[in-house]
Ligand code: ARG
């Protein structure tokens, strides 16, 4: 019996069969071979296509077709493979048996969409969003928030235990000037909550004073020292400033539906840093350099600054303390950092140093820096407002809402939907589009922010997918089938046949979800999930155009015939799309 809590990944199962066959056929060459298997682009190439024979042929000095034949000879059919065929220069075309695919789809209908198997259940920490107190939360943090939230959702879907941490920049010398400025501006801050409405302006004001007023500067330095000593009044002032920022950040998270994000900023690691430095010192890992103490992580060209010449700690020190705390105190065995690519060198250094210090064993714990490129404006220059200022996230989200409203009105939806439905649709479209535009591009590249493109309902966009989803999920309703009746149908008789080529194509596409999630688990490149969802909507349309699900009387509109297995295929499609959109953090609506 197949485990009910996991979906089978056809790709993984076939790869395992092929791997075994290649090993059996070419024991000498096969140890290094990675199975090359893709789902076939054309029906005549079978369902999956393996291209290993071509590269292996060079290694073993034989004709590729001969090599393919030798692999096929050793290939165990298992319960998945119907037949194989050698084609062209040496491709192995594999056709699947229909029965296991039908059974898996029926399991999906009855037990829901489940993740593919994972090697073990892990304790994952995803570090994302991580804006800086009193500074603008900018589009870079927005990217980190969107990608990080999705990565965390993916890990939860896989069945891991996930702790999502917001590593906010809430410590550092800049707090000296902020505290000093707060004390001057709002002398009764201790008893009356100061109305710092605009923290960025507050930050700028204090910076101006810091740069121009020597006396103020001295008081700012004194404030840092007193904060580090944890003096109650400086700590209280620091807290007030953090709270004001926190409120701003929270507004963005609420709108985007980001939940379960625990704030644990740099300040949390203050006491641990002394310990870490001591440990690194006694391990002989630190070397003096012009008054500083630095560490050379193996394989890195740039050292980490662990202690500054004034004895203070740095961003490097706090991340060293954090990685150690996460591995030991939190017993995490998968650490994910969703931070822009610009910090790649920093994380490479931290990971390497953690290994050298003996905290990180790559055979046990996995670490990933999930980097991403910068956000560009439509002019392909750094994303800015017309007047050249950095774009405030609230303004950006507001514009999204406005534009989504206009889009829905353009389609006359404002007259069809109730006010509540319209509001839900507007938010789903606005936030869905902003997220999807980000997630559907390879995160390693810079990406161009364009409301026009993301709100286009014809291409690979959230609007298109949201429409497709509402349409597909409403099909069972038009056949007058309630969710209960659908479930009954799924249990018996279930999907019984898949004879039409478009039914078969759709069925295989749906099961690819497990393959796609499996791949995501390796590379954390979410755009492949977006591509998959878009493809699924297209394959569904191909199916729906030619395969009648419900046959109605032309004149009376009365339902004459319901092709139940096709309705079930629609239902399975809706379930897969919903599961995918859930991982992306995109809310669906029933009507839009
Ligand atoms: N606050 C930092 C920034 O805005 C990002 C922190 C990322 N996380 C970390 N553990 N270093 O650049």
Margin query: What distance in nm lies between label points placed 7 Å from Cα along the C-beta direction at residue 275 and residue 110?
Written below: 5.1
Next item on the list: Subtract the Cα-Cα distance of residue 552 and residue 308 from 0.36 nm times their separation in residues, and report this length gain in nm to one decimal.
Entry: 80.1 nm
Note to self: Pairwise over distinct Cα atoms, reciprocal of the mean inverse distance: report the Kirkwood radius of the chain in Å, one decimal place.
What the structure shows: 27.4
Note to self: What FRET efficiency comes out for residue 394 versus residue 6 if R0 is 35 angstrom and r is the Cβ-Cβ distance? Round to the nearest 0.05.
What the structure shows: 0.25
Check: So, in Å, what gap is there between the alpha-carbon centers of region 320-381 and region 1-69?
Finding: 33
Check: So, by mean Cβ neighbours within 10 angstrom, what's the order for 556-562, 327-333, 576-582, 403-409 with the highest one leading?
Finding: 576-582, 403-409, 327-333, 556-562
Next item on the list: Please find the FRET efficiency linking residue 19 to residue 191, where r is the Cβ-Cβ separation and R0 is fixed at 51 Å, and quote it to the nearest 0.05.
Entry: 0.15
Note to self: Taking 8 Å as the Cα distance limit and 6 or more residues as the minimum spacing, I'd like the relative contact order of region 436-537 as a percentage.
What the structure shows: 40
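Relative to the present Cα-Cα distance, how much length would full extension add between residue 208 and residue 363 at 0.36 nm per residue of separation?
50.8 nm
For every helix of n ≥ 4 consecutive DSSP H residues, a contribution of -39,500 (n - 2.57) applies; sum these over the chain, divide by its total residues, and give [θ] at 222 nm rounded to the nearest 500 deg cm²/dmol.
-17000 deg cm²/dmol
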Next item on the list: Could you order peptides 530-541, 125-136 by the average number of other Cβ atoms within 10 Å of their residues, highest first?
Entry: 125-136, 530-541
Item checked: Residues in region 570-592 that a label on residue 420 would reach, taking backbone N under 18 Å of a point 7 Å out along Cα→Cβ -> 588-592
Next item on the list: Note the full-extension length gain between residue 477 and residue 499 as 0.36 nm times their separation in residues minus their Cα-Cα distance, in nm to one decimal.
Entry: 5.5 nm
Check: How many nm is it between the label spots at residue 381 and residue 44, if each spot is 7 Å from the Cα in line with the beta carbon?
Finding: 5.3
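Of all the C-alpha pairs in region 10-96, what % are more than 24 Å from each other?
For region 10-96, the fraction of Cα-Cα distances above 24 Å is 9 percent.
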Item checked: Pairs of Cα atoms farther than 17 Å apart, region 481-592, % -> 60
Next item on the list: Largest first and in whole Å, give the semi-axes of region 117-177's equivalent ellipsoid, each being the square root of 5 times a Cα gyration tensor eigenvalue.
Entry: 30, 13, 5
Check: Where Rh is the Kirkwood radius over the Cα pairs of region 266-345, the temperature 37 °C and the viscosity 0.692 mPa s, what D in µm²/s does Stokes-Einstein return?
Finding: 244
Check: If one computes P(r) from the Cα atoms of region 297-389, what percent of pairs lie at distances over 18 Å?
Finding: 55
Item checked: Equivalent ellipsoid, region 393-584 (semi-axes from 5 times Cα gyration tensor eigenvalues, Å) -> 31, 23, 13
Check: How far is the Cα center of region 215-288 from the Cα center of region 441-491, in Å?
Finding: 42
Notebook entry, point to check: Listed highest first by mean packing, meaning other Cβ atoms within 10 Å per residue, what order do 255-261, 482-488, 511-517 come in?
Noted result: 511-517, 255-261, 482-488
Note to self: Give the separation of the Cα centroids, region 382-425 to region 84-133, in Å.
What the structure shows: 35
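Values quoted throughout were computed directly from the atomic coordinates according to the rules given, and no laboratory measurement underlies them. These numbers were taken from a predicted model, which means no experiment stands behind them. Every residue, glycine among them, receives a Cβ derived from its backbone with ideal geometry; neighbour counts consider all protein chains shown.
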